[in-house]
Amino acid sequence: MESDNKQALITAASRGIGYHIARAFAGKGYHTIIASRDKLRGKAVADKFRILYDTNVEWRRLDFRDKESISRLAQELHPPPAAVVINTGNPLCEPCDPLDSGYDDWLDAARIYLAGPLYLASQLVKGALQTQHEISVTFISSISVVEPMRYLGVADTVRAGITRWAKLISRLHAEKGVRANVILLGSYDTPGARTLVKKIAELTSSQPKDIWEKEVLGKIPCKATGNPDELGNLVFSITTEYKYISGAVIPVDCSMSRSVLI
Ligand SMILES: NC(=O)c1ccc[n+]([C@@H]2O[C@H](COP(=O)([O-])OP(=O)(O)OC[C@H]3O[C@@H](n4cnc5c(N)ncnc54)[C@H](OP(=O)(O)O)[C@@H]3O)[C@@H](O)[C@H]2O)c1
C-alpha cells in the first residue's frame, strides 16, 4: 500500500474556506491542487501559494454542476492524491425558504452539494483502490445540517447525505487505507458569507451589518467567527495525520449547535 504521497486536492479553493485550507496544505510543503471554475482567480491563487511557500501548487478546472469536468479531473488524478478535501460553492437558491423553492432549485442544490462531490469522491476512492494507494477524504459541510436555518434549508437537507457516504465508504474500505470524515462548520468571514448576508438583508429590508450582528455573530455562543488559519491546520491534521479519525462527523462551531451528535 503506497502511503507517502504528499499530494493534496482541495476543491472550491480559489477563495473563502477552501482557500484557507489550500494555504495550510501548501504551507506544509504539499503538492497542492486547487480546483474551481474561474481560471484567472484559480491560477492567481496557485501562483501566489507557489511563490509564497516554494512548493508545487497548480490549478485545475472543476465545476460541480458539470459531470464532464468532474470525470476529467478524476481521470487526470490517477493515482489520486492521498489527501482530498471536498469543499464546494453555494446553490442558486440561497437564501431560500424550502417552501418557496422550485423543483429546479432542489436539483441545483443536489448537483452542487451531493451528486458532484460524491461522484468526484467515489471516482477518486476507486482510483486509489485500483492503484493500491491510501486516500483520506474530508468533506466541508455546515453545522446548519444539524442546527437548521431557514434560509439554508434546501442546501442543508441535500448535503446531509454526505455523512452517509463517508460512513459507508470508510467502513467498507478501511483495511485498504481509505478514510473519510465530514466537518460541520460554524461561521467564517468569507466572501460567500458576506454575499449571503447582503442577500438576506435585501430580502428582509434590513442593513447587512444588522444581519451580521444578529444572524451570524448573535447565533454563536463565543460571538466570533472562526479563525481561518486554525481551520486550515485542523483540516490538514484530520486529513493527513490522525489516522484513527475516520467515519467521523466533526463540528467546528464554537458550540453553535445546541444538539450533541451522539
Ligand atoms: N463561510 C461560512 O461561514 C460557511 C459556514 C458553513 C459552511 N460553509 C460552506 O463552505 C463552502 C464555501 O463557502 P465560502 O463561504 O468559502 O464561499 P465563497 O467565499 O463564495 O467561495 C466559494 C469557492 O467555491 C468555488 N465554487 C463555486 N461554485 C463552484 C462549483 N460549482 N464548482 C466548483 N467550485 C465552485 C469558488 O470559485 P469559482 O467561483 O471560481 O468556482 C470559490 O473558490 C460552501 O459550501 C458553504 O456552504 C461556509
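Quick notes
- For the range 167-223, the C-alpha radius of gyration divided by 2.2 N^0.38 Å, with N the number of residues, is 1.77.
- The packing ranking of peptides 198-206, 34-42, 61-69, highest mean first, is 34-42, 61-69, 198-206, where packing means the average number of other beta carbon atoms within 10 angstrom of each residue.
- Using alpha-carbon coordinates, inclination of helix 116-131 to the longest axis of the chain, degrees: 10
- Excluding ligands, DNA and RNA, the accessible surface per residue across the range 204-262 is 64 Å² with a 1.4 Å probe.
- Pairs from LYS28/LYS198; LYS39/LYS243; LYS199/LYS223; LYS67/LYS219 whose Cα-Cα separation, in the structure shown, is over 30 Å: LYS28/LYS198; LYS39/LYS243; LYS67/LYS219
- Cα-centre dipole for the chain with unit charges at Cβ (Lys and Arg positive, Asp and Glu negative), debye to 20: 280
- Value of Rg/Rh across the range 173-262 [Cα atoms, Kirkwood radius]: 1.09
- Annotation: per residue accessible area for the range 25-111 equals 51 Å², rounded to a whole number [probe 1.4 Å, protein chains only].
- Built amide H within the under 5 Å cut-off of TRP59, gap 5+: ILE34
- The accessible surface of the chain, taken with every protein chain in place and a 1.4 Å probe, is 52 percent carbon and sulfur.
- The tail of the calculated P(r) for the range 1-125 beyond 21 Å holds 40 percent of all Cα-Cα pairs.
- The angle between the Cα long axis of helix 16-27 and the longest principal axis of the Cα atoms of the chain comes to about 30 degrees, rounded to the nearest 10.
- A viscosity of 0.692 mPa s and a temperature of 37 °C, combined with the Kirkwood radius over C-alpha pairs in the Stokes-Einstein formula, give the chain a diffusion coefficient of 176 µm²/s.
- Size-normalised alpha-carbon gyration radius of the range 113-262, reference 2.2 N^0.38 Å: 1.15
The values are calculated or read from the model by the stated rules, or taken from the named source; none is laboratory data. Source: prediction; values computed, not measured. Note that we place each Cβ from the backbone using ideal geometry, even for glycine, and neighbour counts take in every protein chain shown. Heads up: the accessible areas ignore ligands, DNA and RNA and are worked out on the full protein's heavy atoms, side chains in. Shrake-Rupley method; radii C 1.70, N 1.55, O 1.52, S 1.80 Å.
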